[in-house]
Amino acid sequence: MPWPKHLKLWTVNIVTFILFSLLAVTGLINWRVLPHGGGRREGILMEIRHLLMEVHTWLAMLFLLAVAIHLMLHWSYIKANLKKSGLLKQAKPDVTALSEDRHHPQ
């Protein structure tokens with residue numbers, strides 16, 4: 001049974017928010033908490049930093065995927081608002097094709 005659209009949207013929004021939150025936390029920990037320099041006395045902290053950097057990178061990839069899915073699910077809404085605001089031109093019917101069809105019936 002396919003999921004209703006509102007459930008898909010809700011799920012993608014929640015997943016995107018969780019991924020963004022984890023990205024923020026891992027980024028802040030790497031930036032402000034863990035040491036940046038190398039040294040023997042910071043061995044385990046540097047290992048944690050490198051692990052967290054790897055996790056941060058993968059979270060970023062998953063976040064970009066979630067944002068792409070989010071945009072795909074909202075594409076009709078985005079297009080409608082771009083057309084309404086005039087940023088996206090509405091396709092006009094090809095008048096020459098219509099007139100040629102009238103002159104050459106099949």
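The values are calculated or read from the model by the stated rules, or taken from the named source; none is laboratory data. Remember, it's a predicted structure, so these values are computed and weren't measured experimentally. For neighbour counting, all protein chains shown are included, and Cβ atoms are generated from backbone atoms with ideal geometry for every residue, glycine included. Just the protein is used for accessible areas: all its heavy atoms, side chains included, with ligands, DNA and RNA removed. Shrake-Rupley method; radii C 1.70, N 1.55, O 1.52, S 1.80 Å.
Taking the criterion of being open to solvent by less than 70 Å² (accessible area, probe 1.4 Å) and among the hydrophobic types (A, V, I, L, M, F, W, C), the residues of segment 53-79 that qualify are Val55, Leu59, Ala60, Phe63, Ala66, Val67, Ala68, Ile69, Leu73, Ile78.
Before we move on, is Ser21 of a type in the set (S, T, N, Q) and closer than 30 Å to Ala91 by Cβ? In short, no.
Taking segment 30-52 as the search range and keeping residues that are surrounded by 15 or more Cβ atoms within 10 Å (Cβ to Cβ) and part of a helix (DSSP H, G or I), which one is modelled with the lowest pLDDT? Filtering segment 30-52 for residues that are surrounded by 15 or more Cβ atoms within 10 Å (Cβ to Cβ) and part of a helix (DSSP H, G or I), the one modelled with the lowest pLDDT comes out as Glu42. For Lys92, the criteria (1) modelled with pLDDT of 95 or more; (2) not in a helix (DSSP H, G or I) hold in every case but one, which is (1).
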